[in-house]
Amino acid sequence: MKQLILTIILFSVALAINAQKVASPNGKLSAKLNGKSLIINYDKQKVIELADISFDKLRFTRQVKDDYQMLEGKRLHCTNEANEYQAPIGSNAKIVIRLYNDGIAFRYEYIKLENQKQPEEHTVYLIPEGTKRWFMQWTEAYEGFFPQTTTYKVKPIRTSSGVSTSADGWNNRWGYPALLEPAEGVFALISEANIERRQSASCLYNDGERYSVVAAENDLNLSGDWHTPWRVVIIGKLADIVESTLVTDVSEPSQLKDTNWIKPGVVSWIYWANNHGSNDYNIIKKYVDMAVVLKLPYVLIDAEWDEMDKIASNEGKTIEDAVAYANSKGIKPMIWYNSSVGWIDGAPGPKFRLNKPEDREKEFAWCEKIGVAGVKIDFFSGDNQMNMDYCLDLLESAARHHLLVNFHGAPIPRGWQKTWPNLLSTEGVYGAEWYNNVPTFTDKAASHNTTLPFTRNVIGPMDYTPCAFSDSQHPHITSLAHELALTVLYESGLQHLADRPESFLAQPKEVQDFLGQLPTVWDETRYVSGYPGESAVLARRSGNTWYVAGINGKDAPQILKTNLSFIGKGSVQMFADDASGKWQISTISKLPSQVECQPRGGFVMKIIL
């Protein structure tokens, strides 16, 4: 009798599971099969369609709950939950789909592969013509704009990485993240997460309205069990997109037991104003001294430091002398390396010091010995499996020697900031460095800057190198307060300040004090208002202090909404622009409900509770 009762109970549970709705725990996201398509809905509105699926039923397997701590990011304590479903595809594979409260994640899992190349993926997103989108044409270093359009018919922009075009001559290769607005006020951000060894990253290729996930080169022969990275789509209102931690939610836990040595912070950076300044001992001293005055914890000594002893004016000084000088002043030095897998011929050095395991260990041990706090590694060569494994090798080796890492000229973050928390920043963005290269950025920066909080910076730390009050090779026409706002608006565990010492030290004391007290990790991040390409206002909390930053992406004045009722009352210091472009710094008694911004202007509020 007991056996019969148990059988009935199990049968009833099975029926309940099979009958239950395929949905997220909060019910806002749901999925349904429609022929050979899987339709994802948000509040009963169609958001994204996966075409050409090879399964006809999803089976509920478990509920997933994520609860973990980060050392940097938009939020230190991260939580999320999902309902997980599976379906077989073929004889030795299955698809695993998770419906989170703020998006979906899915991957393909294979068993008992027998010395074969990575399986071909069949993920296809259907994006109808007329859908509003902000897509970046793929480049090796993910340095491009996110222009708004409603069509796939976009002319290619020639880059050093080359271009890929359709038969009709339209660009047909797109980088992550890719932002859509499939219904008014509802958004979807396509990316991927949790790249592991033996995997390559991917991008999107389109044929008309069909956008296929195509993995980069993987020359390995795979045996045993293997799976793809997670394909992720963050879904919801703009607040859901901006505040999401889905990329790290699905990534592997931290591999480091001891993380007490990992200290995010603000960095004085030589390259922007002095392209070749890192081979000049006296210029390095100026940036160290600036860091002392502004109370910044770090200085970055960029490319060509290996040539320092060849310059007569240095009088025999070497990188070890520069590192010793920084440490004597209480400033932690970081140094630059060429990865030597991307740009090599004609590129700056040092080169070929990190490629072989034994050389890498020797170099990082030397860094640790002389007092280097971290490394910036530059010029990678794309999304292929070789680059992915190389990056993981670098992170693991650097951690053994207590070195922080900043990947530059590199693919975008895909969750490694959780798995290897010594990775505090990654470039993968068209940022302030481009004022050094071509004049394009001058006129486009303000609008471009307002796309990044909704696209690139959603998925991980972003080394934009913000806050330049003076000009480099090409001028900028964003305002003083716009530039200051970027230090809060953009999240990066290492926030590199671009400008020259004399420019920073000429700013009002309030601005200098602001930079010296600027956090680079946040307990909480909130979307306040804005729209890609037009404006952006975010609020970030560090302890009992809120920082609210807003920028105007337009060439005309604009009123930005600032509903800050969630903050309450506090002491408010306001940084803004006046009509003549000069600083307008004040203390206000009440949080404003809106702020009028000058053309290409901005503001920052520092609110102490």
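Is it true that some residue in the range 309-317 is closer than 25 Å to I195 by Cβ and either surrounded by 18 or more Cβ atoms within 10 Å (Cβ to Cβ) or not aliphatic (A, V, I, L, M) (or both)?
Within the range 309-317, the first condition is being closer than 25 Å to I195 by Cβ, and the residues that meet it are none.
No, the range 309-317 contains no residue that is closer than 25 Å to I195 by Cβ and either surrounded by 18 or more Cβ atoms within 10 Å (Cβ to Cβ) or not aliphatic (A, V, I, L, M) (or both).
When the range 353-395 is examined, which residues are found to be over 17 Å from D306 (Cβ atoms), acidic (D, E) and either part of a helix (DSSP H, G or I) or open to solvent by 10 Å² or more (accessible area, probe 1.4 Å) (or both)?
Result: E358, E361, E368, D389, D393.
What do you reckon, is S244 farther than 17 Å from M334 by Cβ and in contact with a helix residue (DSSP H, G or I) (Cβ under 8 Å, 6 or more places away or on another chain)?
So S244 fits the description; yes.
Looking only at residues that are in contact (Cβ under 8 Å) with a residue 60 or more places away in the chain and open to solvent by 40 Å² or more (accessible area, probe 1.4 Å) in the range 493-507, which one is farthest from the chain's Cα centre (by Cα)?
L505
Quick one: which strands (runs of 3 or more DSSP E) lie wholly within the range 117-190 and hold at least 1 residues that are open to solvent by 20 Å² or more (accessible area, probe 1.4 Å) and in contact with a Gly (Cβ under 6 Å, 6 or more places away or on another chain)?
132-137
Looking at the range 526-552, which of its residues are free of Cβ contacts under 8 Å to residues at least 60 places away in the same chain and charged (D, E, K, R)? Explain how you work it out, then say what you get.
Looking only at the range 526-552, we keep the residues that are free of Cβ contacts under 8 Å to residues at least 60 places away in the same chain, and these are 528-529, 537, 539, 541-543.
Passing the criteria: only R541.
Any chance the range 96-111 includes a residue that's open to solvent by 30 Å² or more (accessible area, probe 1.4 Å), within 27 Å of G409 (Cα to Cα) and assigned to a loop (DSSP other than H, G, I, E, B)?
no
If V214 passes every condition in (1) surrounded by fewer than 17 Cβ atoms within 10 Å (Cβ to Cβ); (2) part of a loop (DSSP other than H, G, I, E, B); (3) of a type in the set (A, V, I, L, M) but one, which one does it miss?
Result: V214 passes all but (2).
Identify, by number, the condition in (1) in a helix (DSSP H, G or I); (2) touching a helix residue (DSSP H, G or I) at 6+ places or on another chain (Cβ under 9 Å) that P350 doesn't meet.
So P350 meets the others, but not (1).
Return yes when G342 is surrounded by fewer than 22 Cβ atoms within 10 Å (Cβ to Cβ), modelled with pLDDT of 95 or more, more than 23 Å from the chain's Cα centre (by Cα) and not β-branched (V, I, T) and no when it is not. Spell out the reasoning first.
Values: surrounded by fewer than 22 Cβ atoms within 10 Å (Cβ to Cβ): yes; modelled with pLDDT of 95 or more: yes; more than 23 Å from the chain's Cα centre (by Cα): no; not β-branched (V, I, T): yes.
It is false that G342 is surrounded by fewer than 22 Cβ atoms within 10 Å (Cβ to Cβ), modelled with pLDDT of 95 or more, more than 23 Å from the chain's Cα centre (by Cα) and not β-branched (V, I, T).
In the range 233-244, is there at least one residue being hydroxyl-bearing (S, T, Y) and over 27 Å from L71 (Cβ atoms)?
no
Considering only residues that are surrounded by fewer than 24 Cβ atoms within 10 Å (Cβ to Cβ) and basic (K, R), which ones fall in the range 416-459?
K444
Going through the range 56-77 one residue at a time, which ones are surrounded by 18 or more Cβ atoms within 10 Å (Cβ to Cβ) and either over 27 Å from the mean Cα position of the chain (by Cα) or in a strand (DSSP E or B) (or both)?
Quick first cut of the range 56-77, residues surrounded by 18 or more Cβ atoms within 10 Å (Cβ to Cβ) only: 58, 70-75.
If the condition is that a residue be surrounded by 18 or more Cβ atoms within 10 Å (Cβ to Cβ) and either over 27 Å from the mean Cα position of the chain (by Cα) or in a strand (DSSP E or B) (or both), then L58 is the only one that fits.
For the range 191-211, give me each residue that is in contact with a helix residue (DSSP H, G or I) (Cβ under 9 Å, 6 or more places away or on another chain), in a strand (DSSP E or B) and small (G, A, S).
S191, A193
The values are calculated or read from the model by the stated rules, or taken from the named source; none is laboratory data. Bear in mind the structure is a predicted one, so any value in this text is a computation, not a measurement. Glycine gets a Cβ as well: all are built from the backbone with ideal geometry, and neighbour counts include every protein chain shown. Remember, those area values only see protein heavy atoms, side chains included, never the ligands or the DNA or RNA. Shrake-Rupley method; radii C 1.70, N 1.55, O 1.52, S 1.80 Å.
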